[in-house]
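Some notes on the structure that comes next.
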Amino acid sequence: MSDFKVNNIIIPNELPVIPLKNLVLFPKVVVPIIIQRPKSVGALDDALSRDRLVFFAVQKNPDDDITANDMYQVGTIGRIVSVFKLPDGSSKVDVEGLVRARISEFTAEEPFFKVNAEPFSLIIRDNLEEKALLRRAIEQFRTISEARSFPTILPEIIYMMSQLKDTEHLVSLMTVNLNLEIENQQRILELESMLDVLRQLNMYLVRETEILEAEKTVAKETKKQIGKMQKELFLREQLKSIEKELGVEDERGEVETLRSKIAAAGMPKEVEEKAMKELNRLGKMPSFNPESSYLRTYLDWLIDLPWSKKTKEKIDLKEAEKILNQDHYGLQRVKERILEYLAVQKQVGKLKGPILCLAGPPGTGKTSIGQSIAKALGRKFVRVSLGGLRDEAEIRGHRRTYVGALPGRLIQGIHNAKVKNPVFMLDEIDKVGMDFRGDPSAALLEALDPAQNNAFSDHYLEVPFDLSDVLFVATANQLDTIPPALRDRLEIIEFPGYTEDEKFHIAKNFLLPKLYQDHGLKKRALVLQDSAIMDVIQHHTREAGVRELERQLATIIRKVTRKLVESPSTKQLSVSRDNVHKYLGAPRYSHQMAEKKDEIGVVTGLGWTPVGGEVFSIEVTKMPGTGRLLLTGQLGSVMRESAQAGLSYARAYTAKAAKREDIGKEDIHIHVPSGAIKKDGPSAGIAMTTALVSLLLGKAVKKEVAMTGEVTLRGKVLEIGGVKEKVLAAHRAGIKTILLPADNKKDMEDVPKEVKRDVKFIFVKTMDDVLKVAFR
């Protein structure tokens, strides 16, 4: 048999069978069915695993145990629309009838019935007799529906029929909603001509109209004889029998279950009123209405949200400090600020203040310190990544008018946490975008404003939710991409890049124990010397955080593990600075060291990068010319202006000191090596000025001296940033004396004690102070 198509759905030859009791499925009608018999469950599972198509045949008798001979030969091929598991283990299935079909043969009876079915469509001639019969049938059906004694015909059915143009769909709707015997419905289903169907249907409609008239007469007569109590009893019994036939009892039980859950959810009064209103709508709605599933999902969300559930927190500052120190090395200022925050929280009970924003380079521990805050508070931790978010609905949720609507990320996070006071991390808040769908950062304003978030409005919920108990912690790599209004609500805690010494301790105390465990390597099987760890830090990584360091250490451990597995007799391997290249290859990065001898026109400067401080040489030379200044080494605009100011000061100083009138008639060339790397900032001002004065006076600069600071035309030395990183770089390069602006003396608190012990610091206010120290 060739494939048969209905609504672009290909009907296969063989189909699983679900026998029906007291129900006939007609094409183009959606009806609910309760599936509980083992064979029917097997057929349902088979259909769901494939194309969701089933052959529905009516039983000739109501027995549960039937054979192939106990089913009518003509049935309907239907498609499973939705499946809802009931508490008793059965399934409520919504089925859409597709096309009539006749059984040609049964192909299997175990574990469930299967048949080869031949689909057939009604023969529609569209002549005057058909049109007349259809119009007469619709009129009679409306008359019956208006009778109070026919409650199965809902107003929605009449409205739906007024919108339909499909004759077969109209006939199916009328047949299903009439109170016909199963045998009579089956008789209509087996007819092959629309004309015959309309004739048969009209005959039943006429009979039903006559019955209604008779019922009216009987009702008038009996009404006089039945008292109030007897009448009420009669109506209740009638209602029970009708509900039993329609399977409404199960639906009513589900509504009552939802009602009890709403009462136990601890919702605020206005939210509970909204939930009850929607529940009453659901109770009045027919089960085949698609909106019923959306309403049920909405009520499930309202019930599952933690309206009043909280984690009982116990703030112990000593324990919190212990946890922060266990999980993170260094970051003293960050830890101090977090402990201050917790102290105020403990003192006042509930802190309505700025939202913490941890800002710094990747890999510096921002996300993990958020987890440590949750651990210290004893709260649950929720993380939502905002990177690349462009749709406002991701924050506020979608309105329920849309198919597949859900609450926003904030409400979903609270739902997953199951408490209303978690530590909520908004990761990568600086990478939120915007497009035609709205601005998510604007939606965050309400959630992150302590004065407003006690009644946060999600578009899906349509009721306020209290976010004031949530401890929001945001993370960012760059602050300039955060909108000003949002940044104003954040308290920025800067995460500096780790120094080499901090990376060393992190590697030794945190990364290596974790890597040993991940790779199944016993600690005694590998002797990783301190010199090797430092070599990896200095020559195989260049980053502010420790992610690349962890990857490089993991590479060493993997290679060591392979050698130990390939050579069982080897019990231990040692990795030192001398052989680390065998595992990681040649060094990828190098650091400039101090100059070997005093030179004219060469000065050691100090620079800051996101991955730490750097030492660099500034070289100056002169040549006959017209007094031009040449700058090379990829210098930025600020650094170029600083060089111009330094040259002007150097020429004026040299003309005065050397009493020369030819100053300014030679071309000057300033070069900063590592020309492939872009450089900018004013902190190389005194270094370039010193190199220029050295060149013009012909005096050599001490090789052991390095300097950093901004210079003015009058020779004043101004404050700069990144002192700690620059000093550590100078110490690593073997510098013995460092010149710093006098205003940076306060930054010496951050410099490690061992560096202060090895390096002499001289604080200068003017270029005269600098030149006195720089020259021999």
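The values are calculated or read from the model by the stated rules, or taken from the named source; none is laboratory data. Every value quoted in this text rests on a predicted model; they were computed, and no experiment measured them. All Cβ positions, glycine included, derive from the backbone under ideal geometry; neighbour counts span all protein chains shown. Remember, those area values only see protein heavy atoms, side chains included, never the ligands or the DNA or RNA. Shrake-Rupley method; radii C 1.70, N 1.55, O 1.52, S 1.80 Å.
Once you treat every alpha carbon in the range 506-626 as an equal point and sum by Debye, what is log10 I(q)/I(0) at q = 0.11, 0.20 Å⁻¹?
With no solvent term, the Cα-only Debye profile gives -0.50, -1.11.
Distance between Cα centroids, the range 704-736 to the range 528-598: provide it in whole Å.
If you average the Cα positions of each part, the centres end up 30 Å apart.
Restricting things to alpha carbons, tell me how big the range 250-401 is in terms of Rg and Dmax, in Å.
Rg, Dmax (Cα atoms, Å): 21.7, 64.
Take every Cα-Cα distance within the range 275-356, group them into 5 Å bins from 0 onward, and report for each bin the whole-number percent of pairs it holds.
The distribution over the range 275-356 is 3, 11, 15, 12, 9, 7, 6, 8, 8, 9, 7, 4, 1, given as percents.
What per residue convex hull volume, in Å³, do the alpha-carbon atoms of the range 644-776 yield?
With only Cα atoms used, the range 644-776 gives 109 Å³ per residue.
Using the basic label-point model (7 angstrom from Cα toward the beta carbon), what is the Ser121 to Glu321 distance in nanometres?
8.3
Determine, from the Cβ-Cβ distance of Glu232 and Ala405 and an R0 of 51 Å, the FRET efficiency 1/(1 + (r/R0)^6), rounded to the nearest 0.05.
0.75
Identify, among Val271, Ala544, Tyr402, the residue whose Cα sits farthest towards the positive end of the charge dipole of the chain, taking +1 on the Cβ of Lys and Arg and -1 on the Cβ of Asp and Glu, with the dipole about the Cα centre.
Ala544
Per the Cauchy relation, a quarter of the hull surface: what is the mean projected area of the convex hull of the alpha carbons in the range 434-577, in nm²?
Over all viewing directions, the range 434-577 projects a mean Cα-hull area of 13.7 nm².
Which value, in Å² rounded to 10, gives the accessible area of Lys28 with a 1.4 Å probe and all protein chains present?
Taking all protein chains as shown, Lys28 has close to 70 Å².
Treat the range 497-566 as a sphere of radius equal to its Kirkwood radius over Cα pairs and apply Stokes-Einstein at 4 °C in a medium of 1.567 mPa s; give the translational diffusion coefficient in µm²/s, rounded to a whole number.
Translational diffusion coefficient: 106 µm²/s.
Sticking with the crude label model, points 7 Å out along Cα→Cβ, report the distance from Asn509 to Glu14 in nm, one decimal please.
Placing both labels 7 Å beyond Cα along the Cβ direction yields 6.9 nm.
Kirkwood Rh over alpha-carbon pairs of the range 1-66, then Stokes-Einstein at 37 °C and 0.692 mPa s: what D in µm² s⁻¹, rounded to an integer?
The diffusion coefficient I find is 249 µm²/s.
Over the range 25-143, what per residue volume does the convex hull of the Cα atoms give, in whole Å³?
Considering the Cα atoms of the range 25-143, their hull volume per residue is 150 Å³.
Given the alpha-carbon gyration tensor of the range 342-437, what are the semi-axes of its equivalent ellipsoid in whole angstrom, ordered largest first, with each equal to the square root of 5 times an eigenvalue?
For the range 342-437, the ellipsoid semi-axes come out as 27, 18, 12 Å.
Would you work out what percent of the accessible area of the chain, with all protein chains in place, is carbon or sulfur (probe 1.4 Å)?
Whole-percent figure for carbon plus sulfur exposure: 51.
Compute the relative contact order of the range 626-776 as a whole-number percentage, counting only Cα pairs closer than 8 Å that sit 6 or more residues apart in sequence.
That works out to 24 percent.
Determine how many Å³ per residue the convex hull of the Cα atoms of the range 73-117 encloses.
85
For Glu105 and Glu754 in the same chain, what is the full-extension length gain: residue separation times 0.36 nm, less their Cα-Cα distance, in nm?
224.4 nm
Report the label-to-label distance for Ser574 and Lys261 in nanometres (one decimal), using points 7 Å from each Cα along the Cα→Cβ vector.
6.6
For Asn202 and Gln529, calculate 0.36 nm times their separation in residues minus their Cα-Cα distance, and state this gained length in nm to one decimal.
108.1 nm
Residue separation times 0.36 nm, minus the C-alpha to C-alpha distance between Lys678 and Asp768: what's the value?
My answer for the length gained is 29.4 nm.
Karplus couplings for the range 118-127 from phi (6.51 cos²θ - 1.76 cosθ + 1.60, θ = phi - 60°), rounded to Hz, Gly and Pro as x?
Here the 3J(HN,Hα) series is 10, x, 8, 9, 5, 7, 10, 8, 6, 9 Hz.
Summing Lys, Arg as +1 and Asp, Glu as -1, what charge do residues with Cβ under 10 Å from the Cβ of Gly363 carry, Gly363 excluded?
For residues surrounding Gly363, the net value is -1.
For Lys85, go through the lysines and keep the ones whose alpha-carbon is under 22 Å away, minus same-chain ones fewer than eight residues off.
Lys85 reaches Lys21, Lys39, Lys244, Lys261, Lys284.
Work through the residues other than Leu339 whose Cβ is under 12 Å from its Cβ and net out their charges, Lys, Arg +1 and Asp, Glu -1.
+1
Going Cα to Cα from Lys216, which aspartates and glutamates come in below 15 Å? Please leave out same-chain ones fewer than 8 positions away.
Partners found: Glu146, Glu208.
Using modelled amide H (1.01 Å from N, peptide plane; none on Pro or chain starts), what sits under 5 Å from the amide H of Glu392, excluding residues fewer than 5 places away?
Gly438, Asp439
Which three numbers, in whole Å and largest first, are the semi-axes of the equivalent ellipsoid of the chain derived from its Cα gyration tensor as √(5λ)?
They are 83, 30, 27 Å, listed from largest to smallest.
Convert each backbone phi in the range 572-581 into a coupling constant with the Karplus relation 6.51 cos²θ - 1.76 cosθ + 1.60 (shift: θ = phi - 60°), then list the ³J(HN,Hα) values in order as whole Hz, x for Gly and Pro.
8, 10, 10, 10, 10, 4, 6, 10, 5, 5
In µm²/s, what is D for the range 386-448 at 25 °C and 0.890 mPa s, where D = kT/(6 pi eta Rh) by Stokes-Einstein and Rh is the Kirkwood radius from Cα pairs?
199
Determine the distance separating the Cα centre of the range 270-335 from the Cα centre of the range 100-115; give it in Å without decimals.
If we compute the Cα centre of each part, the gap is 49 Å.
Considering only protein heavy atoms, what is the solvent-accessible area of Val218 at a probe of 1.4 Å, reported in Å² to the nearest 10?
Taking all protein chains as shown, Val218 has close to 80 Å².
May I ask for the distance between the Cα centers of the range 36-90 and the range 493-512, given as a whole number of Å?
Using only Cα atoms, the two centres lie 65 Å from each other.
Estimate the FRET efficiency between Lys309 and Tyr589 by the formula 1/(1 + (r/R0)^6), using the beta-carbon distance for r and 51 Å for R0, to the nearest 0.05.
E(calc), rounded to 0.05, equals 0.50.
Which one of Thr499, Ser457, Ala485 is farthest out on the positive end of the charge dipole of the range 452-546, using unit charges on Cβ (Lys, Arg +1; Asp, Glu -1) and the Cα centre as origin?
The residue sitting farthest along the positive end of the dipole is Thr499.
Are any of the pairs Lys703/Lys746; Lys703/Lys736; Lys375/Lys420; Lys679/Lys699; Lys335/Lys366; Lys699/Lys726 more than 18 Å apart by Cα-Cα distance, and if so, which?
As for pairs spanning more than 18 Å Cα to Cα, those are Lys703/Lys746; Lys679/Lys699; Lys699/Lys726.
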